[in-house]
Amino acid sequence: MSGKVFVFVLIVLVAAVGAFRFWPSDERAIRQQLAVIEEAGSKEPAEKSIEALFKAKQIAALFSDPCQLTVASASHAGEYPRKQIQDRLLMVRGFYTQAKVSLHDITIDITPEKTAVVRGTIRLRGEGAGGKVADVHELRAEMRSIDGKWLFTTVEIVQVLER
């Protein structure tokens, strides 16, 4: 009898850990959105134009329509529709023959109102027409859960290091 109870408790414990581990959470959903930025923001030397367009569209889909963008290093600030964000992403990616985007030290603060503040560091390494590039930027973004999907509503990027 005690063996059956032990097996039952073990099954319940494994099920609870599995449910907790694999149950979708807001933070996990936001981190998945950030992973798209790393993956789609990076560029291989042999990337085709259609791939570049698809990746720019993939990233642009993470932004609300419109979205407030501020890029301090380019003296660029304003509210932009998703299509303009996609076009600008495509243009910026075109300056590089290859690029690697990585995010570091990410913190996510989620409020009960289904908004989040994301802070971290963006590192861009690659090559462009002017040679090698290695930039580090500070990221501060606000996100909102819109129709069950976390989207950027405000993004501010500040350059913190130059090499």
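In table form, for the structure just shown:
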{"item": "Assigned charges on the beta-carbon of Lys, Arg, Asp, Glu; the stretch 27-162 dipole about Cα centre (debye)", "result": "300 debye"}
{"item": "Partner lysines for Lys48 [C-alpha distance under 23 Å; skip if fewer than 8 residues away on the same chain]", "result": "Lys57, Lys83, Lys100, Lys132"}
{"item": "3J(HN,Hα) from dihedral phi, the stretch 50-64, Karplus parametrisation 6.51/-1.76/1.60, rounded to Hz, x for glycine, proline", "result": "5, 5, 4, 5, 4, 5, 5, 5, 4, 5, 4, 5, 7, 9, 5"}
{"item": "Ranked packing of 104-113, 124-133, most packed first, by mean Cβ within 10 Å", "result": "124-133, 104-113"}
{"item": "Charge dipole of the stretch 27-162 about the Cα centre (unit charges at C-beta), most positive-ward option of Ile122, Leu89, Val71", "result": "Leu89"}
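Just so you know, all these numbers are worked out from the coordinates, no wet-lab data involved. Quick caveat: nothing in here was measured; it's all calculated off a predicted structure. Note that each Cβ is placed from the backbone with ideal geometry, even for glycine, and that neighbours are counted across all protein chains shown.
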